[in-house]
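A short reminder: the numbers here are calculations on the coordinates, not readings from a lab. A quick note: this is a predicted structure, and the numbers were derived from the prediction, not measured. Reconstructed Cβ throughout: ideal geometry from the backbone, glycine too, with neighbour counts over all protein chains shown.
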């Protein structure tokens with residue numbers, strides 16, 4: 001059995017972090033970003049060590065560091081004001097921003113041009129685009145013109161070109177990293193097959209960054225998958241069911257998590273059937289009714305709309321596509337957490353829920369728990385879907 005000891009160390013750090021953050025997500029339904037940083041620090045050191053052990057390629061190593069730094073800088077920009085409670089806002093805006101930006105801009109230069117065995121001039125326009133995007137967004141931040149952020153359920157965010165750029169600019173950054181990885185993989189004198197150590201995490205992390213932006217994943221869930229792919233890009237040792245074709249651990253973690261998560265909807269459907277809870281069939285897999293006067297004590301989002309006409313409360317289930325639209329927009333979706341933390345903003349809704357008697361809400365098992373289970377099963381056994389496919393073929 002081939003064992004990559006740096007990845008074993010990193011996997012232990014990831015597992016410890018996932019267990020702790022799962023506890024936080026169950027208790028508070030949020031995971032402060034700072035709890036990911038120790039795991040990422042260990043993962044970056046171990047992955048850098050692995051890259052140097054297996055390739056001795058400084059250009060590739062600095063390319064990996066550039067990818068990690070870009071994700072951290074994007075989070076820094078997206079969460080402007082995180083330092084407000086420490087009284088560091090002035091320093092945050094006027095000084096630290098440019099130091100962080102300098103690091104982010106220098107690392108690709110070292111990777112793509114200075115340390116590369118041969119300079120690929122096809123990368124010059126892509127670097128220009130990379131630098132231009134970050135400079136524009138950083139300048140907007142420096143001038144103090146961040147986009148308006150809406151709390152889920154009530155306010156509508158501002159919609160203009162600048163807001164769209166600031167919301168989606170990092171998708172372009174990820175595409176640049178992916179294109180760079182492809183060029184270095186295909187070009188003579190490039191990185192060759194080791195470029196996959198940058199290309200696969202870039203694509204995978206980019207997908208889940210977009211999912212997080214579209215509210216299809218919780219913030220903690222998206223960052224967990226992103227940092228797993230950056231901290232443990234390959235299996236620490238050969239799993240019991242064999243290595244899957246890609247050999248990319250984070251993808252197997254996601255697949256296993258999705259398969260294991262299928263047990264929850266089936267269990268909810270059975271419980272609803274036993275209790276005689278009536279609703280359209282699809283809703284009985286993903287939600288259940290709670291008492292309207294105590295809905296704030298539950299976790300999830302409201303699956304129904306209510307309207308009062310002549311003293312009578314009318315109700316209807318929110319359609320699937322309408323629910324996706326609201327999830328993407330980040331508005332018009334009522335979360336029980338918001339009802340609990342901001343009851344003064346939901347007086348009308350709370351009164352209607354109380355009159356309705358019961359309200360259907362989604363089940364709220366944090367996806368980070370299946371991710372943790374998926375990580376354990378992936379490391380020990382491998383890719384469950386790949387094993388099933390091998391069994392049948």
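In whole angstrom, how far apart do the alpha carbon centroids of the range 359-378 and the range 188-231 sit? Centre-to-centre distance over Cα atoms comes out at 20 Å. An oblate overall shape is assigned to the range 282-325, the ratio a/c of its alpha-carbon gyration tensor axes (a ≥ b ≥ c) being 1.5 or greater and a/b not exceeding b/c.
Per residue, the average separation of C-alpha pairs within less than 8 Å and at least 6 apart gives the chain a relative contact order of 21 percent. Each pair of Cα atoms in the range 199-323 enters the Kirkwood radius, and Stokes-Einstein at 37 °C and 0.692 mPa s then converts it into a translational diffusion coefficient of 183 µm²/s.
Taking every alpha-carbon pair under 8 Å whose residues sit at least 6 apart, the range 185-282 reaches a relative contact order of 18 percent.
When the chain is treated as a GNM with alpha-carbon contacts under 10 Å, the residue of 323, 70, 22 showing the greatest mean-square fluctuation is 323.
Distances between every pair of Cα atoms in the chain, grouped in 10 Å steps from 0 to the bin holding the largest one, split as 4, 20, 28, 25, 15, 6, 1, 0 percent.
All C-alpha to C-alpha distances of the range 165-260, sorted into 5 Å bins beginning at zero, yield P(r) values of 2, 13, 20, 22, 19, 13, 8, 2, 1, 0 percent in whole numbers. Peptides 2-15, 336-349 ranked from most to least packed, by the mean per-residue count of other Cβ atoms within 10 Å: 2-15, 336-349.
Shape of the range 290-393 from its Cα gyration tensor (a ≥ b ≥ c, root eigenvalues): rounded if a/c is under 1.5, otherwise prolate when a/b > b/c, or oblate? Prolate is the answer for the range 290-393, as a/c is 1.5 or above and a/b outweighs b/c.
Relative to one another, the C-alpha centroids of the range 1-68 and the range 256-334 are positioned 36 Å apart. Among 303, 39, 129, the largest mean-square fluctuation in a Gaussian network model of the chain, built with springs joining Cα atoms closer than 10 Å, belongs to 129. With the highest mean first, a sort of the peptides 283-295, 132-144 on other beta-carbon atoms found within 10 angstrom per residue produces 283-295, 132-144.
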